[in-house]
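Asks: Shown below is the structure under consideration.
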Amino acid sequence: MVPKCRRCRVNGAEVYLAHSNLSLCPDCFMLLTERRVRHTIEAYKMISRDDKIGVAVSGGKDSSSLAYILNSLYNKLDMILIYIDLGMPEYSKHCLEKVEDLTKMLGRELVVYSLEKEMGFTIMNLKSTIYGRKPCSACGAIKRYLFNKIAFDLGLTKIATGHNLDDTAEALFNFYIEGNVKSLVRLKPYLPKTHPKIVPKIKPLIGLTDMECLFYAEYRRLPIRTLECQFSRGSRSVRRKELLNMIVEKIPNFKHTFINSHYKRILPLLEQALKDQGETEIYDCPACGMPTSLRGAPCHFCKIVSLAKRGEMKRIKLEGPQ
Ligand code: Q46
Ligand code: ZN
């Protein structure tokens, strides 16, 4: 017999949330998911009435759910969608179609930035220049830089990204293993303005798992991509997520506890330690004028662009928050 939803006690439960031992029907699941996002936004004071928000969308389940939830929770909010076309054959076009459908569904404006048209190269060009390696760290650095630059040029006050609990647990896990304290400190649910050209970043989905975002997008019938980026399979981040999921099978609330302890207990200590060491300085890139943690040297984005244009991609260390 199908168990009843623990919330309404009327409908049959379809979703089981192991971390809270809760079985829910689709309606109650969607309602609870939206409430949890609102709670995250309020807890971290992510949004204020006069904000102009740019939602970074990719056609995936997370950013589509994010745009939909923000649109329904704050329908008076000044909000646009931003999509970066990375120029990957088939995949980028497919994602853009989904993003355009979502934009129509929400009745919002969409800004599309084409890497090829604006910069003269695509992620495929990078691929051919990184000997045998996936272009993901360069791709991530490009997207972080461009979302910030586009939002800054458009005069937006915040950028909302669809990073969820699984993404965050995976990234924290990686930075802990690497001992990468600077990146650990920058990986926050709400990254405030630390330089006049840095647009604050918010992650309203940080309390939702991959599975919750997927179910939400499916129950709401959001247009989401059905293709995966050719470089995502078997990547290190995917393998780290699989590893964490194996732990969750034994300890269902492991990721929630890991993230909560990090933000409540460890992050304040790390932030203080970096401040004491004077490691929080931000400089202007001599090539593009945008902010960088590198003193007197071109920022990571400018390095990638110049190497991509010269057709060589050396092993460069790319740091930074998601
Ligand atoms: S788009 Fe870019 Fe991802 Fe593709 S190349 Fe890697 S980072 S996998 S989110
Ligand atoms: Zn630069």
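The values are calculated or read from the model by the stated rules, or taken from the named source; none is laboratory data. Being a predicted model, the structure only gives us computed values, none of them experimental. Cβ placement follows ideal geometry from the backbone for every residue including glycine, while neighbour counts extend to all protein chains displayed. When the accessible area is computed, the model is the full protein with side chains, heavy atoms only, and any ligands, DNA or RNA have been set aside. Shrake-Rupley method; radii C 1.70, N 1.55, O 1.52, S 1.80 Å.
Asks: List the residue pairs whose Cβ atoms are under 8 Å apart, where the first residue sits in segment 225-250 and is within 13 Å of ligand 1 (Cβ to nearest atom), the second is of a type in the set (S, T, N, Q) and at pLDDT below 95, and the two are 6 or more positions apart or on different chains.
Replies: Correct list of pairs: Val238/Ser232.
Asks: Now for a different question. So Pro196 passes all but one of these: (1) part of a loop (DSSP other than H, G, I, E, B); (2) away from ligand 2 (no atom under 16 Å from the Cβ); (3) more than 15 Å from the chain's Cα centre (by Cα). Which condition number does it fail?
Replies: Going through (1) part of a loop (DSSP other than H, G, I, E, B); (2) away from ligand 2 (no atom under 16 Å from the Cβ); (3) more than 15 Å from the chain's Cα centre (by Cα) one by one, Pro196 breaks only (2).
Asks: Here's a check for you: in segment 33-46, which residue that is open to solvent by less than 40 Å² (accessible area, probe 1.4 Å) and in contact with a Leu (Cβ under 7 Å, 6 or more places away or on another chain) is farthest from Asp78 (Cα to Cα)?
Replies: Filtering segment 33-46 for residues that are open to solvent by less than 40 Å² (accessible area, probe 1.4 Å) and in contact with a Leu (Cβ under 7 Å, 6 or more places away or on another chain), the one farthest from Asp78 (Cα to Cα) comes out as Thr33.
Asks: Here's something else I'd like to know. Mind checking whether some residue in segment 296-305 is open to solvent by 30 Å² or more (accessible area, probe 1.4 Å) and within 16 Å of ligand 1 (Cβ to nearest atom)?
Replies: yes
A quick yes/no check of all residues on (1) closer than 19 Å to Leu205 by Cβ; (2) surrounded by 22 or more Cβ atoms within 10 Å (Cβ to Cβ); (3) modelled with pLDDT under 95; (4) in contact with an Asp or Glu (Cβ under 7 Å, 6 or more places away or on another chain):
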site	(1), (2), (3), (4)
Asn75	yes, no, yes, no
Tyr83	yes, yes, no, no
Met88	no, no, yes, no
Lys93	no, no, no, no
Leu96	no, no, no, yes
Asn125	no, no, yes, no
Leu146	no, no, no, no
Phe152	no, no, no, no
Gly155	no, no, no, no
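Asks: Follow-up. Can you say whether Lys98 is among the basic types (Lys, Arg) and either more than 24 Å from Leu208 (Cβ to Cβ) or without any contact (Cβ under 8 Å) to a residue 12 or more places away in the chain (or both), as far as the supplied structure shows?
Replies: No.
Asks: Would you mention how many residues in segment 210-242 are hydroxyl-bearing (Ser, Thr, Tyr) and open to solvent by 20 Å² or more (accessible area, probe 1.4 Å)?
Replies: Residues flagged as hydroxyl-bearing (Ser, Thr, Tyr) and open to solvent by 20 Å² or more (accessible area, probe 1.4 Å) within segment 210-242 amount to 4.
Asks: Report the residue count in segment 139-168 for those that are assigned to a loop (DSSP other than H, G, I, E, B) and farther than 17 Å from Val112 by Cα.
Replies: Residues meeting the conditions: 4.
Asks: I'd like to check which helices (runs of 4 or more DSSP H) are fully inside segment 68-138 and have at least 2 residues that are within 26 Å of Val37 (Cα to Cα).
Replies: Those helices (runs of 4 or more DSSP H) span 91-106.
Asks: Another question, if that's okay. Could you say which residue among Leu165, Leu184, Leu115 is at pLDDT 90 or above, surrounded by 19 or more Cβ atoms within 10 Å (Cβ to Cβ) and under 13 Å from the mean Cα position of the chain (by Cα)?
Replies: Only one candidate passes the filter, namely Leu165.
Asks: Every residue in segment 76-90 that is in contact (Cβ under 8 Å) with a residue 60 or more places away in the chain and within 11 Å of ligand 1 (Cβ to nearest atom), please.
Replies: Selection gives Ile84, Met88.
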